[in-house]
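**Student:** Next up is a structure, given as structure tokens.
The values are calculated or read from the model by the stated rules, or taken from the named source; none is laboratory data. Since we're looking at a predicted model, the values are computed, not measured. Cβ placement follows ideal geometry from the backbone for every residue including glycine, while neighbour counts extend to all protein chains displayed. Surface areas here come from the heavy atoms of the whole protein model, side chains and all, with no ligands, DNA or RNA. Shrake-Rupley method; radii C 1.70, N 1.55, O 1.52, S 1.80 Å.
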Amino acid sequence: MRLIGVGVGPGDPELVTLQAVRLLRAAGRVFVPVMDLGETGRAEATVRAHAGHDRVERLVFALNERDDARRRESHWDEAGRRVADWLRETGGTAAFATIGDPNVYSTFGYLAATVRALLPEVEIATAPGITAMQALAAAAGVPLAEGTEPLVLVPLARGATALPGALAYAEDGTVVAYKGGRHLDEVVAVVKDAGRLGGAVLGTRLGLPGESVTPLATAAEAPYLSAVLIPGRREGRGGKL
């Protein structure tokens, strides 16, 4: 029996790897995360663009819950039990489709840990996916990193307190910030104070209809799932080699 976390990219069905498509089509069951059983989430919509079978099953997660640990973990437990039960009953291969990459700020890690605790003999694997920062760099036409530049990724769901340190560490490199939409004013202020506002961009709805990439300096609002790219300072071709 096998559980595979499959990265399906930022939401554009064209940004799904051939490996992911093969795994999704072959899996005996494809589990997808949702906030409500009545909704079609971004991961499911991407899956159904490639795997038209009826083996897709929704698992409810408290995807935006940051304060109620008991509520979050109850969803992890219930989802893990459901996946473990299916694997135990069938002995087959299940896929869990996750937006972006299953090893980058993904729900899959929590699910896999729960399933492994319930079913120690399960084989767990992952298939990488294109991340939001890659999609944003491509849409903005800005390289993520060059030469010896560091690349720092920080989550800002709880505020921008980690951003000054990231900018200081990557003074000569690129910083990407995820999930900072609710703290946009604070993000703009921090980046401005660091003298990095000029080249920074904000990406929203990456990989989806209505995708937007705008200068951070002119951004007025942003949804929770947005990304900010603050590129390194670059002078001349190959200057960082």
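**Student:** How high is the FRET efficiency from GLU89 to LEU18, r the C-beta distance, R0 30 Å, rounded to 0.05? Could you put the intermediate results ahead of the total?
**Tutor:** Values: r = 30 Å, r/R0 = 1.00.
Result of the calculation: an efficiency of 0.50.
**Student:** Return the tail of the calculated pair distribution for the chain, meaning the percent of Cα-Cα pairs more than 32 Å apart. Please list the in-between numbers first.
**Tutor:** Numbers: 7634 of 28920 pairs.
In whole percent, the long-distance tail amounts to 26.
**Student:** Residue by residue through the range 70-80, what is 3J(HN,Hα) from phi via Karplus (6.51 cos²θ - 1.76 cosθ + 1.60, θ = phi - 60°)? Round to whole Hz and write x for glycine and proline.
**Tutor:** 5, 5, 4, 6, 5, 5, 4, 4, 5, 5, x
**Student:** Rounded to a whole number, what % of the accessible area of the chain do carbon and sulfur atoms account for, probe 1.4 Å? Working shown, then result.
**Tutor:** Values: 5900 of 11740 Å².
Carbon-and-sulfur percentage of accessible area, whole number: 50.
**Student:** Provide, for q = 0.26, 0.27, 0.28 Å⁻¹, the log10 of I(q)/I(0) from a solvent-free Debye sum over equal Cα point scatterers in the range 93-132.
**Tutor:** The calculated log intensity ratios at q = 0.26, 0.27, 0.28 Å⁻¹ are -0.90, -0.95, -1.00.
**Student:** Karplus couplings for the range 161-176 from phi (6.51 cos²θ - 1.76 cosθ + 1.60, θ = phi - 60°), rounded to Hz, Gly and Pro as x?
**Tutor:** Each residue of the range 161-176 in turn: 5, 7, 5, x, x, 5, 5, 5, 5, 9, 4, 10, x, 9, 10, 10 Hz.
**Student:** Using the alpha-carbon atoms, what tilt in degrees (0 to 90, nearest 10) does helix 108-118 show relative to the longest principal axis of the chain?
**Tutor:** Result, in degrees: 30.
**Student:** How far is it, in nm, from the label point at SER74 to the one at HIS53 when both lie 7 Å from their Cα along the line to the Cβ?
**Tutor:** 3.4 nm
**Student:** Let me ask something else. Take ALA157, project a point 7 Å from its Cα along the Cβ direction, then tell me which residues of the range 21-58 have their backbone nitrogen under 16 Å from it.
**Tutor:** 33-36, 42-43
**Student:** At 0.36 nm per residue, minus the direct Cα-Cα distance, what do GLU211 and ARG116 gain on full extension? Give it in nm, one decimal, please. Show your work: numbers first, answer last.
**Tutor:** On the way: separation 95, 0.36 × 95 = 34.20 nm, distance 3.72 nm.
So the chain would gain 30.5 nm between GLU211 and ARG116.
**Student:** What do you reckon, how do LYS192, LYS179 stack up by accessible area (1.4 Å probe), largest on top?
**Tutor:** Numbers: LYS192 135, LYS179 55 Å².
Largest accessible area first, the residues go LYS192, LYS179.
**Student:** Follow-up. With every protein chain kept in place and ligands, DNA and RNA left out, what is the accessible area per residue of the range 88-165? Probe 1.4 Å, answer in Å². If you can, show how the numbers build up before the last one.
**Tutor:** Values: 3570 Å² over 78 residues.
Accessible area per residue, the range 88-165: 46 Å².
**Student:** 5 Å is the cut-off here: which amide hydrogens, built 1.01 Å from N in the peptide plane, fall below it relative to GLY100, excluding neighbours closer than 5 in sequence?
**Tutor:** Excluding prolines and chain starts, which carry no amide H, the hits are VAL8, GLY9, GLY11.
**Student:** With each label point set 7 Å from Cα along the Cα-Cβ vector, what nm distance links ASP193 and ASP172?
**Tutor:** Roughly 2.5 nm, to one decimal.
**Student:** Once phi is turned into ³J(HN,Hα) by the Karplus curve 6.51 cos²θ - 1.76 cosθ + 1.60 with θ = phi - 60°, what whole-Hz value does each residue of the range 92-98 show in order, with x for glycine and proline?
**Tutor:** Karplus values, whole Hz, x for Gly and Pro: x, 10, 10, 10, 10, 8, 10.
**Student:** Taking a 1.4 Å probe, which of LEU119, LEU37 shows the most accessible area, and what order do the others take after it?
**Tutor:** Details: LEU119 5, LEU37 105 Å².
From most exposed to least exposed: LEU37, LEU119.
**Student:** In the range 4-101, what GluC sites (Glu not before Pro) fall in a loop by DSSP, with at most 14 other Cβ atoms inside 10 Å?
**Tutor:** Working: sites: GLU14, GLU39, GLU44, GLU57, GLU65, GLU73, GLU78, GLU89; in loops: GLU39, GLU65.
In loop regions of the range 4-101 (DSSP not H, G, I, E or B), the sparsely surrounded GluC sites (Glu not before Pro) are GLU39, GLU65.
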